[in-house]
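Let me begin by presenting the structure, written as structure tokens, before commenting on it.
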Amino acid sequence: MNIILLGPPGAGKGTQAARLVADRGMVQLSTGDMLRAAVKAGTPVGLQARAVMESGGLVSDEIVSALIGERLDQGTGNGAIFDGYPRTAAQAESLDELLAARGAKLDYVIELAVDEDALVERIVGRFTCATCGEGYHDKFKQPKVAGTCDVCGGHEFKRRADDNEETVRTRMAEYRAKTAPIIPIYEARGLVRRVDGMADIGEVTAAIEAILDGR
Ligand code: AMP
């Protein structure tokens, strides 16, 4: 089963993908994570992507589709969860080609429907454990013991450089202009399922699992 999680920044794509990985042995393919790793490692792709990411703009279709192709070649276990890809019509086309070349296809496009006004607050407050990646939020989910990760006991936390209000506004505008228009393309193919992304994290997961199980 191969699915796309689609929705604006802060809709909960990464959070839900991590849960599906844990529950179902699926594999998360996040171009944002891949690009951040490339920036950190100082690879040629990272050097090219860095400034664009800091501005909230989109990295080139060629770069991200190449990253996805390379990742698909490593195998995807019980299925791929595309998180933050595709973000443009050209990427959607590339994804079809990349999957077809590997004898695979898309099963669902799950749209996380959210109230955009709430997203900025969600995004600017979020941070993760630097050791295990567990997600937290200043307002909605502080660690149980201040300064200590609930999951691994780590004491270091990090925030994304692009999780500030100005960049978030640009990322939202990019979503509206370039990513939202690919939804009708998938709708025409009967692939889209809409989930209320404003519900509790667990309820969103349950709704997605019900779709994947054909319930
Ligand atoms: P994300 O972690 O998905 O929010 O992505 C963070 C940033 O990485 C975005 O704001 C873009 O600059 C870049 N990025 C991630 N995925 C893509 C993509 N599929 N196409 C273009 N740029 C991307």
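The values are calculated or read from the model by the stated rules, or taken from the named source; none is laboratory data. All figures in this text were calculated on a predicted structure; none of them were measured in a lab. All Cβ positions, glycine included, derive from the backbone under ideal geometry; neighbour counts span all protein chains shown. The accessibility values were calculated without ligands, DNA or RNA, using every heavy atom of the protein model including side chains. Shrake-Rupley method; radii C 1.70, N 1.55, O 1.52, S 1.80 Å.
Within the range 130-152, is even one residue within 16 Å of the ligand (Cβ to nearest atom) and of a type in the set (S, T, N, Q)?
no
Could you list, in sequence order, all residues of the range 190-204 that are without any contact (Cβ under 8 Å) to a residue 12 or more places away in the chain and either of a type in the set (A, V, I, L, M) or farther than 27 Å from residue 140 by Cα (or both)? Talk me through it step by step, then tell me what you get.
So the first thing to find is which residues in the range 190-204 are without any contact (Cβ under 8 Å) to a residue 12 or more places away in the chain, and the list is 190, 199-200, 202-203.
Scanning the range 190-204 gives 190, 199.
Take residue 81 and tell me if it is closer than 23 Å to residue 202 by Cα and either within 13 Å of the ligand (Cβ to nearest atom) or open to solvent by less than 50 Å² (accessible area, probe 1.4 Å) (or both).
Details: closer than 23 Å to residue 202 by Cα: yes; either within 13 Å of the ligand (Cβ to nearest atom) or open to solvent by less than 50 Å² (accessible area, probe 1.4 Å) (or both): yes.
For residue 81, the condition - closer than 23 Å to residue 202 by Cα and either within 13 Å of the ligand (Cβ to nearest atom) or open to solvent by less than 50 Å² (accessible area, probe 1.4 Å) (or both) - is met.
Can you tell me how many residues in the range 198-212 are charged (D, E, K, R) and open to solvent by less than 80 Å² (accessible area, probe 1.4 Å)?
So the answer is 1.
Of the conditions (1) near the ligand (Cβ under 10 Å from one of its atoms); (2) among the small types (Gly, Ala, Ser); (3) under 30 Å from residue 196 (Cβ atoms), residue 60 satisfies every one except a single condition; which number is it?
So the condition that residue 60 fails would be (3).
Could you figure out which of (1) touching a strand residue (DSSP E or B) at 6+ places or on another chain (Cβ under 7 Å); (2) not in a helix (DSSP H, G or I) isn't true of residue 208?
Residue 208 satisfies every listed condition except (2).
Can you find a residue that is without any contact (Cβ under 8 Å) to a residue 60 or more places away in the chain, under 26 Å from residue 195 (Cα atoms) and more than 8 Å from the ligand (Cβ to nearest atom) anywhere in the range 99-122? So that I can check it myself, show each step before the final result.
So the first thing to find is which residues in the range 99-122 are without any contact (Cβ under 8 Å) to a residue 60 or more places away in the chain, and the list is 100-103, 117, 121.
Still in the list and also under 26 Å from residue 195 (Cα atoms): 117, 121.
Of the ones still in play, those that are also more than 8 Å from the ligand (Cβ to nearest atom) are 117, 121.
Looking through the range 99-122, at least one residue is without any contact (Cβ under 8 Å) to a residue 60 or more places away in the chain, under 26 Å from residue 195 (Cα atoms) and more than 8 Å from the ligand (Cβ to nearest atom).
Taking the range 1-28, which residues are small (Gly, Ala, Ser), away from the ligand (no atom under 16 Å from the Cβ) and open to solvent by 40 Å² or more (accessible area, probe 1.4 Å)?
22
Going by what's in this entry, would residue 55 be described as open to solvent by 40 Å² or more (accessible area, probe 1.4 Å) and either within 8 Å of the ligand (Cβ to nearest atom) or under 17 Å from residue 109 (Cα atoms) (or both)?
So residue 55 passes the test.
Step by step: first the residues of the range 72-91, then only those that are over 15 Å from the mean Cα position of the chain (by Cα) and in a helix (DSSP H, G or I), then the one that is nearest to residue 1 (Cα to Cα). Which residue is that?
Going through the qualifying residues, I end up with 72.
Is it the case that the range 122-133 has a residue that's closer than 30 Å to residue 214 by Cα and under 14 Å from the mean Cα position of the chain (by Cα)?
Here is the first cut: in the range 122-133, the residues closer than 30 Å to residue 214 by Cα are none.
For the range 122-133, residues closer than 30 Å to residue 214 by Cα and under 14 Å from the mean Cα position of the chain (by Cα): absent.
Based on this model, can you work out whether residue 31 counts as within 15 Å of the ligand (Cβ to nearest atom), in contact with a helix residue (DSSP H, G or I) (Cβ under 7 Å, 6 or more places away or on another chain) and polar (S, T, N, Q)?
So residue 31 passes the test.
(1) assigned to a helix (DSSP H, G or I); (2) open to solvent by less than 60 Å² (accessible area, probe 1.4 Å); (3) free of Cβ contacts under 8 Å to residues at least 12 places away in the same chain; (4) more than 16 Å from the ligand (Cβ to nearest atom): which one isn't true of residue 96, the others all being true?
(4)
Looking only at the range 34-67, which residues are among the hydroxyl-bearing types (Ser, Thr, Tyr), closer than 23 Å to residue 166 by Cα and in a helix (DSSP H, G or I)?
Of everything in the range 34-67, just one residue is among the hydroxyl-bearing types (Ser, Thr, Tyr), closer than 23 Å to residue 166 by Cα and in a helix (DSSP H, G or I), namely 55.
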